[in-house]
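Working notes for the structure below.
Throughout, read-outs are computed from the coordinates displayed, never taken from laboratory work. These figures come from a predicted structure and were not determined experimentally. All Cβ positions, glycine included, derive from the backbone under ideal geometry; neighbour counts span all protein chains shown.
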Amino acid sequence: MNNFTSIIGAADHLDNSSDHNEFDTDVFIVGTGPMGATTALALASYGVRTTMISQWSWLANTPRAHITNLRAVEVLRDLGIEEEAKKYAVSWKEMGDTLFTTSLNGPEIARLETWGTGDLRSGDYVKASPCTMLDIPQTYMEPLLVKNAAERGAKVLFSTKYLGHEQDANGVTVRLLNRASGQEYSLRARYLVGADGAKSQIAEELGLEFEGHTARAGTAYVRFNADLSSYVAHRPSILHWIMNPAADFGEIGMGLLRAVRPWDEWIAGWGFSVDDGEPDLSDERVISQIRTLVGDPDLQIDLQGTSTWYVNQQHALSMSKGRVFCGGDATHRHPPSSGLGSNTCMQDAYNLAWKLAYSVKGYAGESLLDSYSDERTPVGAQIVARANQSRLDYAPLRECFNTEMGDGTKSIEAGLARLQAPTQEGADLREKLATSLELKNTEFNALGVELNQRYSSTAVLSDSHEVEVFALDPQLHLQATTRPGAKLPHAWLVGANGRRISTLDVTGKGRFTLITGLSGQAWKDAAQDLNLPFLDTLVVGEEQIKDPYAYWARVREIEEAGALLVRPDGYIAWRQIKNTWEAGEAGKQLSLALEQVLGTTLASLVTAG
């Protein structure tokens, strides 16, 4: 029996036929994007009856989100689809440098080693996780998530429009429209998840409060096919910023060529003033602009579509009300800078899904579900601020390439002449360019932003009143720790078969894990005595799992006889740095910790037979 089916099987005895008659599904999800589809996949993996709808008859039809950071790949890994995801991804190595250039065919201005691929940072990324970053366009990610959710039992309904809901003390009644037949009908669920995007009807119905503003800048996006391999194959990069007078407008003031699939499927982007209305996106204008950005006046272009999007800076001050939960773009709205969008959506889902599963199975009280909003709302605020700041941080870089001429016109040659001048002024400008480029590490090599998220809620039992002090810049560098509220550090262990296995691989899968060492036998005995269907025990040093590299010993921050309680989402709920308890006391301490985290009494749980 695998880890997923073990928790499903252990919970079968909790099923109640009368409940099944009252509820058409346990969790109803509106939206099939990264947040909705990841929630459905996780819940289906945990054995929870799940229904997910889309008002459309298709999944994502534009590439949109694409950067998949280490934490999101760890989510895919825990849900058992990392290897499948790699089949559709641009690999970490190919993600490569980010170029700042006058055109793809013109003189370069600067390069930045990005996404942790460079010599200065790659070791940090390798040490941080058993996974690598991937580039998976949303046109591939959504089908991957939805397919696997459906294969594991989630019901997926297309052409089904959400009309509204009413919740009561026991559940939620959801009103729907079958867009194909025109029929209106209702379904009954225990819980409702609003993953319905940046114009979320569900968030509006709940009256969720938002901070910030929308549409402060605009960007034109053009999807096109063209073979650009001769310009980029020798210097792989998925992002090319074009510093050219033709794109010197808008908030960033640069054009963008993004490789969707190397090296013949692309997106071209450039800013426009919101005050001036919609930009000219005629075929003639678009083709001319793309040729300018590429630097090839005769380039053959196959246009696929045009669109505009607006820069938002807005986040919800809470993410749930009663039995209804929102997440993803419904609660944090921001530009794609820093590549945090779909990653944060997937992590919202991963945080929420196990809590819903435990509530459905009767393992948890109301406080566990309340912890979702407490934990993820601050993350939403953080990433909205970071993504918008990343856009503003292009200004110093742009100032280093002044293309203005004496007559008020602009030219690339003027910018290059200033930047390459063999004078003190030129030297100062080049020094400023290097400093400005360094600032962009907070967008493109921000390992800390991606992995240093800390949770504070009733589902985390802090063991210190001291504020965590970061030894290095917390935006750029991961600070691995076993402090409650932090993600379990990755460390390579060795299994009974002699193969390496990550600490992340021996935890999760919808279950709590108690980790201790050989001299922590009291904790192992305590966990066995509790006989809970959702709790595993990992004794590092026993035959089946060893620490021959002493990697775990370096990062565990507890004595060998201490203990860590790791949640199903890989976050540490509680720890005991040392075991100072007398015989029998370990069980009491573990029981108390579980009861506080779950918001219930263990006596109320039906243990596995």
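The slack between residue 170 and residue 423, meaning 0.36 nm per residue of separation minus the straight C-alpha distance, is 83.6 nm.
Computed over the chain, relative contact order equals 14 percent, with contacts defined as Cα pairs under 8 Å that lie 6+ residues apart.
With equal scatterers on the alpha carbons only and no solvent term, can you work out the Debye log10 of I(q)/I(0) for the stretch 381-477 at 0.11, 0.12, 0.14 1/Å? For the requested q values the scattering log ratios are -0.53, -0.59, -0.71. Listing 524, 410 from fewest to most neighbouring C-beta atoms within 10 Å gives 410, 524.
Of the cross-linked pairs 93/440; 147/509; 86/546; 87/440; 155/487; 524/578, those separated by over 23 Å at the C-alpha level are 86/546; 87/440; 155/487. Among the GluC sites (Glu not before Pro) within the stretch 172-268, those in coil by DSSP and having at most 11 neighbouring Cβ atoms inside 10 Å are 209. Spatial offset of the stretch 442-488 relative to the stretch 366-425 amounts to 25 Å, using the alpha carbon center of each. Shape verdict for the stretch 395-439, please, from the Cα gyration tensor: rounded (a/c under 1.5), prolate (a/b greater than b/c) or oblate. Note, shape of the stretch 395-439 comes out oblate. In the chain, the longest principal axis of the Cα atoms and the axis of helix 366-392 are about 10 degrees apart. With only the Cα atoms considered, the stretch 185-335 has a convex hull volume of 163 Å³ per residue.
Over the chain, the Kirkwood radius and the radius of gyration, each from Cα atoms, give a ratio Rg/Rh of 1.00. Computed from point charges on the beta carbon alone (+1 for Lys and Arg, -1 for Asp and Glu), the dipole magnitude for the stretch 395-439 about its Cα centre is near 100 Debye. Loop-located trypsin sites (Lys or Arg not before Pro) across the stretch 67-168 with a Cβ neighbour count of 11 or fewer within 10 Å are 87, with loop assigned by DSSP. For the stretch 206-237, the residues whose backbone nitrogen is under 18 Å from a point 7 Å from the Cα of residue 275, taken along Cα to Cβ, are 214-219.
If you take the Cα centroid of the stretch 50-122 and the Cα centroid of the stretch 248-308, the two points sit 20 Å apart.
First check a/c for the stretch 33-83, with a ≥ b ≥ c the square roots of the eigenvalues of its C-alpha gyration tensor; if it is under 1.5, answer rounded, and if not, answer prolate when a/b is larger than b/c or oblate otherwise. Verdict is oblate for the stretch 33-83.
Among the GluC sites (Glu not before Pro) in the stretch 442-530, those located in a DSSP loop and surrounded by at most 13 other Cβ atoms within 10 Å of their own Cβ are 466, 468. Residue exposure proxy: 332, 165, 234, ordered by other Cβ atoms within 10 angstrom of their Cβ from fewest to most, comes out as 234, 165, 332.
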